[in-house]
1. Roughly how tilted is helix 178-187, in degrees to the nearest 10 and between 0 and 90, from the longest Cα axis of the chain?
2. Taking +1 at the Cβ of each Lys and Arg and -1 at the Cβ of each Asp and Glu, which of Val58, Thr176, Asn195 sits farthest along the dipole of the chain towards its positive end, judged by Cα position relative to the Cα centre?
3. Would you mind calculating the relative contact order of the chain from Cα pairs under 8 angstrom and at least 6 residues apart, reporting the percent as a whole number?
4. Indicate, rounded to the nearest 5 percent, the antiparallel portion of the DSSP beta bridges found entirely in the chain.
5. Taking θ as phi - 60°, what are the ³J(HN,Hα) couplings along the stretch 89-97 by the Karplus curve (6.51, -1.76, 1.60), each to the nearest whole Hz, with x for Gly and Pro?
6. Given the convex hull of the Cα atoms of the stretch 1-153, what is a quarter of its surface area in nm²?
7. Using DSSP to call loops (not H, G, I, E or B), can you name the trypsin sites (Lys or Arg not before Pro) in the stretch 208-246 whose Cβ has at most 14 other Cβ atoms within 10 angstrom?
8. Could you state the angle between the C-alpha long axis of helix 200-216 and the longest principal axis of the C-alpha atoms of the chain, as a value from 0 to 90 degrees rounded to the nearest 10?
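FYI, it's all coordinate maths here, none of it is from the lab. Everything numeric here is computed off the predicted structure, so don't read it as measured data. Cβ placement follows ideal geometry from the backbone for every residue including glycine, while neighbour counts extend to all protein chains displayed.
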Amino acid sequence: MKFLLITLIAERDAHRPARERLREVVANAVLAEELGFDGFGVGERHERPFFSSSPPVVLSHIAARTERIRLFTAVTTLSLLDPVRAFEDYSTLDNLSDGRLELIIGKGNGAAQAKLFHVTAEDQWDRNRESYELFRRLWREPKVTWEGRFRPSLTDAETWPRPLQQPIRVWHGSATSRESVDLAARFGDPLFSANVTNPIEPYAELIRHYRERWAHYGHDPADALVGAGSAGFYVARTSQEAIETYRPIYDARLALFRQVGVEPVFPTLEDAIERSSILVGSPQQIIDKVHRYHAEFGHEVMHLHADGDGLTDKQHRQTLELFQSEVAPVLRREIPSRPFPTISPLGGPS
């Protein structure tokens, strides 16, 4: 199994300078590489309280500070973006990172960002599909002639710079949508299940649907690739220590949900540990829980939260170190995963 750290760069403190939060994200990515994580992802949101409106800029800075770790978008909201401009940004990043980029795409969510980009609930799926189809061609073809609904047509259009990876691997992020699942299966792309808000069942059902559609489109079932998220993370030497440390963090999350009028799905930390994808406990408890989810999902990649979420810097580093020393080696050994793409010394995929 492979492990990513992912952040949406949320910031609840309105008085904290954005530069401090953004530099913290870069420092966390450097730490992730130092500790041996496989990837670091930056989400895309265009509304309060997130500072993640420009993932390619943040990831380019991370690329300059790291050498090995894979760089993920989580997710690139193609329903909001001009696919030509998105291609230019990410092709540039692909070159700057020496081919370490992987995209997770999705339609995105949030009323504020939809209003900002004049995207509606009625057209967001069509926009996502059309943008991806064009983005995919732009990445693969030096000249593209194309016509669609949501941006001006192209005639023998050349886009620069040309990317280093050919092709790039694109994951499709999905929380609930069969539209994203079908798009991934149709093009033979991997699926990344959000696996955050609800119990395991709806996510497992969506992944089963992905595998069914994968076979429907004529792909080899053995080639299907799945990743999955987690709703929170803290590992300690004992379960008692983990729960004691994480409880105020979880209670603060519950209070925030209720403040904005959202009734929590898991009203207590104990309920979340039992029924949600949150990973809080001893190393063996985390290992056992990941195995239970893997039995349902068959996933080879999973993400943890990159941010401390209320932990001190010392606690945050210690829990990541403990994960890498006592949890990750066991899961890597017991749950095999395919290697990430790499760029050969001659500049092509290997």
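1. Long axis of 178-187 versus the principal axis of the chain: about 60 degrees.
2. Val58
3. Relative contact order comes out at 17 percent.
4. On the way: 5 of 36 bridges.
Bridges in the chain that DSSP calls antiparallel: roughly 15 percent.
5. Values per residue, Gly and Pro as x: 4, 7, 5, 4, 4, 4, 5, 5, 8 Hz.
6. 9.9 nm²
7. Values: sites: Arg208, Arg211, Arg213, Arg237; in loops: Arg237.
In loop regions of the stretch 208-246 (DSSP not H, G, I, E or B), the sparsely surrounded trypsin sites (Lys or Arg not before Pro) are Arg237.
8. Approximately 30 degrees, to the nearest ten.
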